[in-house]
Amino acid sequence: MSEDVQVDSTSEFFRLHEQEFGDDPIAVRESDHYAQEYVGGIVDKWDDLIDWQRRAEGEGRFFVDQLTSRGVTRVLDAATGTGFHSVQLAEAGFDTISADGSPQMLAKAFRNGLEHGGHLLRLVHADWRSLKRDVHGEFDAVICLGNSFTHLFSEHDRRKALAEFYSVLKHDGVLIIDQRNYDALLDGKTTGKSTYYYCGEEVNAVPDHVDEGLARYKYTFDDGGEYFLNMYPLRRDYLRGLLRDVGFQRIETFGDFQETAGDREPDFYIHVAEKS
Ligand code: SAM
């Protein structure tokens with residue numbers, strides 16, 4: 001590091017940039033914009049938002065069981081974020097590579113890996129749409145969790161990203177990808193507040209604007225910090241259709257980790273898509 005750049009701590013580094021949505025935030029509907037959203041304070045705050053312990057309780061052994069039952073050993077966490085699933089997988093003994101397109105999220109993930117069990121996460125800075133440029137080798141499973149895929153705003157980008165996930169999988173590999181239940185939000189059946197993922201007690205996460213092309217969420221923290229994410233509201237069957245189109249043969253969709261959610265609208269859908 002050069003002498004004129006003084007970085008006292010990781011938090012200081014995160015404060016070097018803040019979110020930028022311009023004069024007309026609801027006009028921001030671009031796949032590239034995520035890199036400007038996961039910066040600054042929201043990166044620092046993300047783990048308050050998702051409260052690791054409560055999230056682990058909410059998810060239980062769902063993902064580990066899905067992977068273990070298929071004999072998976074090598075996993076690509078394509079949307080590492082701050083590292084929650086990468087750490088869980090490392091704890092469970094999976095050979096895991098952790099990728100993300102946000103350098104600041106990766107930096108936080110690395111620190112979290114050390115703090116939660118002393119894991120040296122193997123990190124790769126990669127965008128899904130050009131994954132194979134930076135991620136090498138084949139995987140038994142790719143995971144893309146925490147409502148990450150919602151950051152892609154064009155169908156072209158979605159198809160490209162899924163095709164990249166497909167191509168890094170072994171012939172019998174599995175993709176596990178989740179999404180918020182946007183159908184319920186778009187159809188007015190829910191207020192959009194989540195139980196499983198956004199479960200930190202010190203944060204209020206609510207939709208700020210919703211239309212068929214944008215779900216803009218506002219996250220307000222106890223300390224007064226306010227952050228936003230602009231996301232594309234994927235419909236469940238649309239994503240299942242895309243998975244089928246890129247070649248996945250069997251797609252099972254769970255609502256909040258259950259095969260059937262009963263009468264209640266699930267907060268999240270999890271698609272388990274098998275290549276063969
Ligand atoms: N999976 C983590 C979790 O569940 O806590 C992180 C979820 S966070 C909502 C979404 C992550 O996806 C961010 O870390 C963001 O940088 C990453 N991301 C969004 N679009 C991406 C893209 N096109 N390529 C790579 N990463 C992307």
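The values are calculated or read from the model by the stated rules, or taken from the named source; none is laboratory data. None of the values given here were measured: they were computed from a predicted structure. Ligands, DNA and RNA are stripped out before the accessible areas are found, and what is left, the full protein with its side chains, is counted by its heavy atoms. Shrake-Rupley method; radii C 1.70, N 1.55, O 1.52, S 1.80 Å.
Summary of values
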read-out: 3J(HN,Hα) from dihedral phi, segment 218-232, Karplus parametrisation 6.51/-1.76/1.60, rounded to Hz, x for glycine, proline; value: 10, 10, 10, 9, 3, 7, x, x, 10, 9, 9, 10, 9, 9, 8
read-out: Pair-distance profile P(r), taking every C-alpha pair of the chain, with 5 angstrom steps and integer %; value: 1, 6, 12, 17, 20, 19, 13, 7, 3, 1, 0, 0, 0
read-out: The chain - percent of accessible surface contributed by carbon and sulfur, probe 1.4 Å; value: 46
read-out: Gain on full stretching of the segment that runs from Ile26 to Asp187 - 0.36 nm per residue minus C-alpha separation; value: 56.0 nm
read-out: Per residue solvent-accessible surface (Å²) - the chain, probe of 1.4 Å; value: 45
read-out: Antiparallel DSSP beta bridges within segment 103-248, percent to nearest 5; value: 75
read-out: Beta bridges by DSSP in the chain, antiparallel share as percent, to the nearest 5; value: 65
